[in-house]
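Pasting a structure below so you can have a look.
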Amino acid sequence: MKNFLGKKQLMKHLWRGVALAVIIVIAARCGLWNTPEPELPAEFKRWSEDKANEWYAQQPWMSGCNFIPSNAINQLEMWQEETFSPELIDKELGWAEELGFNVMRVFLHSKAWEADKEGFKKRIDEYLTISMSHGIRTMFVIFDDCWNAEGAIGKQPEPKVGTHNSGWLKDPFISRRADKEQLFAELKPYVIDIMTTFKDDERVVMWDVYNEPNSDDSIPLLEKVFEWGREVNPSQPMTSSVWTFGIDKISSVQLKNSDVVSYHSYSGREVHSQWIKYFKMHNRPVVCTEYMARTIDNCTFQNVMPLMKEQNVVAINWGFVSGKTNTIYAWNTPIESGEEPEVWFHDILRQDKTPYSEDEIRVIKECNGK
């Protein structure tokens, strides 16, 4: 889920031959190779390699999507009482079940909790009940550095025509980040409450504590959310996905604190296989929490999903049912007319359940044993 650094050009050209060497060279230079355990009190330490691998050995192979119902433009519209849509969630997750998906990555938002703590948790519980009725467990995302800097509780904006993720919200909002002491005082109760409520819930399979932290200014919160999570000590593993080796300090913090190693890769089979080889060197389960962007380096289900199945890597693509997030459009290539792009960027189904590609459906079902 990207929105900066001129990604279309960056990913399309860099993630080819150069990336094969860059992944290994930069990782070694940054000290990300076999990163040592941080020196922390016992209750704050991440899982041992043995514990993480024993946990993973008990899981089926997992595949699924980053999920938001098609009628929601962002996290608030998904979770606020006025726009929470259990019937639509049930219908769309039923379609996911038919494809054999068994995990969904779902974004929360601290403002939804601050506005209605008990209602928010009740709706999360209802979502999880619906999801598990379809055999789908959930990986919740707590914080996020992507897209719009500010937002507000209440009615959300309409999508900008032909524009990718025009209404998605950072969490926390940028205006809250200047005073770190106050920010942490406000956010710690949120993290503690949500994780404590669902720490032993079998419907929750993992916690992704911070999506794509993108500057050194994000590191204190990244470290804090891991620390707060250790205080809760959930039965599920925690992680934060490495998404680029261009921000070395952030990647190092992520890898040193994650129970299972997770990453994003919008690259084709050749480069993606190098990412997997590198992350497997950490001797922990490997989880891909974002992939599949058809116009970048042949990053398609046909080209990449079988690789992850072969390597026993969790495969979670971006997008499911095309809707208000407009993620059929590429990151930095809006179509002002709103005309459907010839090649969809993300997403699998239209809102009438018609697939973008019948061949993709075949591959997905084959990988999922359907």
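Report every pair of residues separated by at least 6 positions or lying on different chains whose Cβ atoms are under 7 Å apart, first residue within region 324-338 and over 21 Å from Asn71 (Cβ atoms), second part of a loop (DSSP other than H, G, I, E, B) and among the aliphatic types (A, V, I, L, M).
Glu336/Val161
Which condition number in (1) out of contact with any strand residue (DSSP E or B) (no Cβ under 7 Å at 6 or more places or on another chain); (2) among the β-branched types (Val, Ile, Thr); (3) crowded, with 18+ Cβ neighbours inside 10 Å is the one that Ile219 fails?
For Ile219, the exception is condition (3).
Moving on to the next point. From Asn303, Asn332, which residue is outside any loop (DSSP other than H, G, I, E, B) and surrounded by fewer than 20 Cβ atoms within 10 Å (Cβ to Cβ)?
Result of the check over Asn303, Asn332: Asn303.
Next up: Would it be correct to say that Val253 is surrounded by fewer than 24 Cβ atoms within 10 Å (Cβ to Cβ), under 30 Å from Pro189 (Cβ atoms) and either in contact with a Leu (Cβ under 9 Å, 6 or more places away or on another chain) or aromatic (Phe, Trp, Tyr) (or both)?
yes
Collect the residues in region 116-170 that are of a type outside the set (A, V, I, L, M, F, W, C) and in a helix (DSSP H, G or I), keeping them in residue-number order.
Residues satisfying the conditions are Lys117, Glu118, Gly119, Lys121, Lys122, Arg123, Asp125, Glu126, Tyr127, Thr129, Ser131, Ser133.
Taking the condition crowded, with 17+ Cβ neighbours inside 10 Å, within 24 Å of Thr327 (Cβ to Cβ) and out of contact with any Leu (no Cβ under 7 Å at 6 or more places or on another chain), does Tyr291 pass?
When the stated conditions are applied, Tyr291 passes them.
Please work out which one of (1) in a loop (DSSP other than H, G, I, E, B); (2) over 17 Å from the mean Cα position of the chain (by Cα); (3) without any contact (Cβ under 8 Å) to a residue 60 or more places away in the chain is the condition Gln236 fails and give its number.
All conditions are met except number (2).
Could you please find all residues in region 306-319 being surrounded by 19 or more Cβ atoms within 10 Å (Cβ to Cβ) and on the phi > 0 side of the Ramachandran plot?
Result: Gly319, single match.
When only residues in region 171-185 that are more than 23 Å from Asp125 (Cα to Cα), charged (D, E, K, R) and not in a loop (DSSP other than H, G, I, E, B) count, which is farthest from the chain's Cα centre (by Cα)?
The residue in question is Glu181.
Right, another one. Assuming Met62 fulfils every condition listed in (1) more than 15 Å from the chain's Cα centre (by Cα); (2) in contact (Cβ under 8 Å) with a residue 60 or more places away in the chain apart from one, which condition is it?
Of (1) more than 15 Å from the chain's Cα centre (by Cα); (2) in contact (Cβ under 8 Å) with a residue 60 or more places away in the chain, only one is false for Met62: (1).
Is it true that Ser48 is modelled with pLDDT of 85 or more, out of contact with any Gly (no Cβ under 6 Å at 6 or more places or on another chain) and either within 12 Å of Pro285 (Cα to Cα) or surrounded by fewer than 17 Cβ atoms within 10 Å (Cβ to Cβ) (or both)?
When the stated conditions are applied, Ser48 passes them.
Quick one: would you say Ser265 is touching an Asp or Glu at 6+ places or on another chain (Cβ under 7 Å), in contact (Cβ under 8 Å) with a residue 12 or more places away in the chain and not basic (Lys, Arg)?
So Ser265 fails the test.
Report the residue count in region 244-259 for those that are over 14 Å from Pro285 (Cα atoms), modelled with pLDDT of 95 or more and within 15 Å of the chain's Cα centre (by Cα).
Final tally of qualifying residues: 1.
The values are calculated or read from the model by the stated rules, or taken from the named source; none is laboratory data. Worth saying up front: this structure is predicted, and the values here are computed from it rather than measured. All Cβ positions, even for glycine, are placed from backbone atoms using ideal geometry, and neighbour counts span all protein chains on display.
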